[in-house]
1. Can you tell me how many residues in region 55-78 are outside any loop (DSSP other than H, G, I, E, B), buried (at least 17 other Cβ atoms within 10 Å of the Cβ) and among the β-branched types (Val, Ile, Thr)?
2. So which residues in region 1-36 are among the aromatic types (Phe, Trp, Tyr) and over 12 Å from residue 69 (Cβ atoms), if there are any at all?
3. Scan region 33-53 for residues that are loosely packed, with under 10 Cβ neighbours inside 10 Å and either part of a helix (DSSP H, G or I) or of a type in the set (Lys, Arg) (or both) and report the count.
4. Testing residue 22 on (1) within 16 Å of the chain's Cα centre (by Cα); (2) more than 23 Å from residue 94 (Cα to Cα); (3) surrounded by fewer than 11 Cβ atoms within 10 Å (Cβ to Cβ), one condition comes back false. Which one is that?
5. Need pairs with beta-carbon distance below 7 Å; first residue closer than 15 Å to residue 72 by Cα and within region 33-56, second of a type in the set (S, T, N, Q); sequence gap 6+ or separate chains.
6. Can you report the number of residues in region 81-96 which are exposed (fewer than 14 other Cβ atoms within 10 Å of the Cβ) and within 15 Å of residue 27 (Cβ to Cβ)?
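Every number in this text was worked out from the coordinates using simple rules, so none of it is lab data. Since the structure is predicted, the reported quantities are computational estimates derived from the model, not experimental observations. Glycine gets a Cβ as well: all are built from the backbone with ideal geometry, and neighbour counts include every protein chain shown.
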Amino acid sequence: MRIILKILAAPFWAVLSVSWLLLVFVFCTARVLLEIFSGFGVLLSLVLFVTGQTTGGIVFGIIAFLISPVGLPMIAEWIIDRLGDAKGALGNFITA
């Protein structure tokens with residue numbers, strides 16, 4: 001019975017491995033772009049504060065924080081790490 005479960009789990013492991021690698025690549029690329037946009041957002045927020053448009057400055061400051069490395073990318077990284085853990089656990093089940 002355990003052999004049948006391993007045979008059934010193998011395609012899921014293969015799909016999970018390929019999709020995890022693709023997600024890691026996309027995440028690394030997007031993180032670099034989001035860091036650049038976050039920097040521009042902070043600069044724009046500072047310019048808006050200096051020119052007296054505090055509402056716009058606050059909005060761009062919040063957006064810059066959300067796309068910074070401590071905002072939404074950290075959540076995405078946590079999800080990708082959990083998928084990697086699931087891939088490893090499934091691989092250990094198949095090979096054990």
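1. Residues meeting the conditions: 1.
2. Within region 1-36, the first condition is being among the aromatic types (Phe, Trp, Tyr), and the residues that meet it are 12-13, 20, 25, 27.
12, 13, 20, 25, listed by residue number.
3. Narrowing region 33-53 to residues loosely packed, with under 10 Cβ neighbours inside 10 Å: 50, 52.
Still in the list and also either part of a helix (DSSP H, G or I) or of a type in the set (Lys, Arg) (or both): 50.
Adding up the residues that qualify gives 1.
4. Going through the list (1) within 16 Å of the chain's Cα centre (by Cα); (2) more than 23 Å from residue 94 (Cα to Cα); (3) surrounded by fewer than 11 Cβ atoms within 10 Å (Cβ to Cβ), residue 22 breaks only (2).
5. The qualifying pairs are 38/68.
6. Number satisfying all stated conditions: 2.
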